[in-house]
Amino acid sequence: MLLKEGTTCWRVGTAPRAAFLLEMADYFLAARDAMSRAKHSIHLLNWAFDPDTLLDPGPGYAGPDSDRFGSFLKDLAGRRPELDVRVLCWKSPLPIAATQDFFPYKARKCFADTPVKFVLDGALPTGASHHQKIIIVDDVLAFCGGGDIGPDRWDTREHLDDDPRREKSRRGPKYFDSRHEVMTLVDGEPARALGQLFRDRWRRATRETLPEPEALSPPPWPAFVKPDFRQASVGLSRSVAAWRKIEEVRESEALYLASFAAAKRCIYLENQYFTSPIMAEALAARLGEPRGPEVVIVSTEHSPSYFDQMTMDRTRSVFLKRLQDADKYGRFHAYSPTTSLGRTIIVHAKMAIIDDVLLRVGSSNLNNRSFGFDTECDLSIEASRGAGGAPQRARIIDIRTGIIAHWLGCDDAVVKAAIVKAGKVGRAIDALRQAGYCRLRPLKPTPIGPVATFIATFHIGDPITARDAWIPWTRRARLKEALAAAARRVQRAGLPIPPRRLSKKTI
């Protein structure tokens, strides 16, 4: 098993029910339903929180004030004084808050003098962020994934062009870009553990210790959400920076490395950023094996912000080039999705599907900072390789099939048949593209100039740890140390061992 407490995850527990939520429209509706039926508590961890976010927007991004996230929480807390409603949001520096329309501070004003306890959390190293995205209801049900609370996050699985429900009220283009997000919903032991994660974060930010709930109520599972898994083995993997008396945690990194090393047939990855040389080395090693797994990547063609284009996109080109060069056997495929009219879809999801045994969804990007600088949390569902795990393994494959079908704009059955015929996921996508399902475009590395080469070499804006956050010239040495240390941890846990050293081609 890949989920090992203390190495690849913090906690492993059984979820009586677990569901995969594709796109924010479904997530917001499910979250609203669950929070409406809370008995004791609603706790939120967020990188960003805009109180004006509509839970179910109509044309013109319109809706009643009561359906805005901030008003919804205030109304619940006001009508039901027994509810403990708390929001813990990253205290972003002013330059970043300015790009967010200052909504972290707008949220603080929104909840002032109300029963909702809102705190901006700056308890972390300078330059780092609290990137976790979690909602916990009554400690018995929880959502975990990559979706933030903001108007620009909402979209449906159709990714319609000029959807009036994505109309902007601020300056700039008339519509928010199409966006792809995924979330998970669990009950049982994993939900209780996420509740403890919130209490740990709250204590660190405020020095206030919250009591554990004494009596647990039945989970308010949304009636319209069909569980994808029953009695699922669920692991929670974290990243925490070493800071003051807080010890570093790199469980998220270890799980990626162990799962890449264990993969037999297919590594399917969706992520906003692909910049980590450690991850590139691990994937390149598998692509260099004669009978290794295929690697399929889906990411945005280009980031929406200029800063990310200069830092993450340029470094991603180096990442892609490394995998392209390592691909001796034609098993590497990278794509960027588009709408029906060929417009960019922003891939903000952070997801990995390893063969038919591991489904991973969370907040971690495949960049340096997500593994030891920013605060992250990923949730993974692992199916047994034995006969008893067959239904869960089949469901993991069905989820992967459905995601690819949603990208290409075809039925799941079309993708399933294409994979059976081609024998490989990447070959099936290429065959379907030639058949006219062309909304997944090949994603290639682009040539980079001297400035971009400097940024990529020293990973500007993408620290490995708090120690190198402001001394980027030490970053290459830190990367070598980090991979060697991660390989030792994985080996001690008896898991498949990743590469121990970074090759010159990677670094």
- Residue by residue through the range 98-128, note down the ones that are farther than 23 Å from D84 by Cβ and of a type outside the set (D, E, K, R). A98, T99, Q100, F102, F103, Y105, L124, P125, T126, G127, A128
- Identify all residues within the range 293-316 that are more than 21 Å from Y268 (Cβ to Cβ) and polar (S, T, N, Q); write none if there are none. S303, S305, Q309, T311, T315
- Going by the structure shown, is D468 surrounded by 14 or more Cβ atoms within 10 Å (Cβ to Cβ) and of a type in the set (D, E, K, R)? yes
- Filtering the range 413-451 down to residues that are among the β-branched types (V, I, T) and either assigned to a strand (DSSP E or B) or surrounded by 13 or more Cβ atoms within 10 Å (Cβ to Cβ) (or both) yields V414, V415, I419, V425, I429, T446, I448
- Task: Return yes or no: is I429 at pLDDT below 95 and in contact with a helix residue (DSSP H, G or I) (Cβ under 7 Å, 6 or more places away or on another chain)?
- Result: no
- Inter-residue pairs, beta-carbon under 7 Å, first closer than 21 Å to T206 by Cα and assigned by the TED database to the domain that holds A31 and in the range 69-90, second of a type in the set (K, R) and part of a helix (DSSP H, G or I), 6+ apart: L88/R201
- Please work out which one of (1) outside the structural domain of S276 (by the TED database); (2) not in a helix (DSSP H, G or I) is the condition R395 fails and give its number. (2)
- Message: Given the condition over 28 Å from E167 (Cβ atoms) and surrounded by fewer than 22 Cβ atoms within 10 Å (Cβ to Cβ), answer yes or no: does some residue in the range 42-54 qualify?
- Response: no
- Boolean, R478 is within 20 Å of N367 (Cα to Cα), in a helix (DSSP H, G or I) and among the basic types (K, R): yes
- Message: Being in the same structural domain as H159 (by the TED database) and crowded, with 19+ Cβ neighbours inside 10 Å narrows it down to one residue among P57, P64; which is it?
- Response: P57
- Task: Can you tell me which residue within the range 151-188, out of those that are in contact with a helix residue (DSSP H, G or I) (Cβ under 7 Å, 6 or more places away or on another chain) and modelled with pLDDT under 95, is nearest to C89 (Cα to Cα)?
- Result: F176
- Do the conditions hold for I149, that is, is it touching a Gly at 6+ places or on another chain (Cβ under 9 Å), closer than 15 Å to V87 by Cα and either surrounded by fewer than 17 Cβ atoms within 10 Å (Cβ to Cβ) or β-branched (V, I, T) (or both)? no
- Item | Cβ-Cβ under 9 Å pairs, at least 6 apart or on other chains, the range 101-122 side under 24 Å from D374 (Cβ atoms) and in the same structural domain as D65 (by the TED database), far side in a helix (DSSP H, G or I) and basic (K, R) | F118/R108; V119/R108; L120/R108; D121/R201; D121/R204
- Message: Given the criterion at pLDDT 95 or above, in contact with an Asp or Glu (Cβ under 9 Å, 6 or more places away or on another chain), assigned by the TED database to the domain that holds H459 and assigned to a loop (DSSP other than H, G, I, E, B), identify the matching residue among S370, S336, S340.
- Response: S340
- Filtering the range 321-333 down to residues that are of a type outside the set (D, E, K, R) and either buried (at least 16 other Cβ atoms within 10 Å of the Cβ) or in a helix (DSSP H, G or I) (or both) yields L323, Q324, A326, F332, H333
- Task: Might you check whether a residue that is surrounded by fewer than 22 Cβ atoms within 10 Å (Cβ to Cβ) and either touching a helix residue (DSSP H, G or I) at 6+ places or on another chain (Cβ under 7 Å) or of a type in the set (A, V, I, L, M) (or both) occurs anywhere in the range 130-142?
- Result: no
- Message: It is to be established whether one or more residues within the range 271-285 are touching a strand residue (DSSP E or B) at 6+ places or on another chain (Cβ under 7 Å) and without any contact (Cβ under 8 Å) to a residue 60 or more places away in the chain.
- Response: yes
- From the list R165, R204, R157, R170, which one is among the charged types (D, E, K, R) and either under 20 Å from L44 (Cβ atoms) or assigned by the TED database to the domain that holds T375 (or both)? R204
- Query: If you check every pair at least six apart or on different chains, which have Cβ atoms under 6 Å apart with a residue in the range 291-305 that is under 23 Å from A422 (Cα atoms) first and a residue that is small (G, A, S) second?
  - Reply: P293/A263; E294/G426; V296/G426; I297/A334
- Which residue out of G402, G409, G494 is farther than 25 Å from D327 by Cβ and in contact with a Lys or Arg (Cβ under 6 Å, 6 or more places away or on another chain)? G409
- Task: Quick one: which residue in E289, E270 is of a type in the set (D, E) and surrounded by fewer than 19 Cβ atoms within 10 Å (Cβ to Cβ)?
- Result: E289
- Message: Among the listed residues A191, A261, A215, identify the single one that is surrounded by fewer than 22 Cβ atoms within 10 Å (Cβ to Cβ), out of contact with any helix residue (DSSP H, G or I) (no Cβ under 8 Å at 6 or more places or on another chain), over 18 Å from G6 (Cα atoms) and among the hydrophobic types (A, V, I, L, M, F, W, C).
- Response: A215
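The values are calculated or read from the model by the stated rules, or taken from the named source; none is laboratory data. Everything numeric here is computed off the predicted structure, so don't read it as measured data. Every residue, glycine as well, gets a Cβ built from its backbone with ideal geometry; the counts of neighbours run over all protein chains shown.
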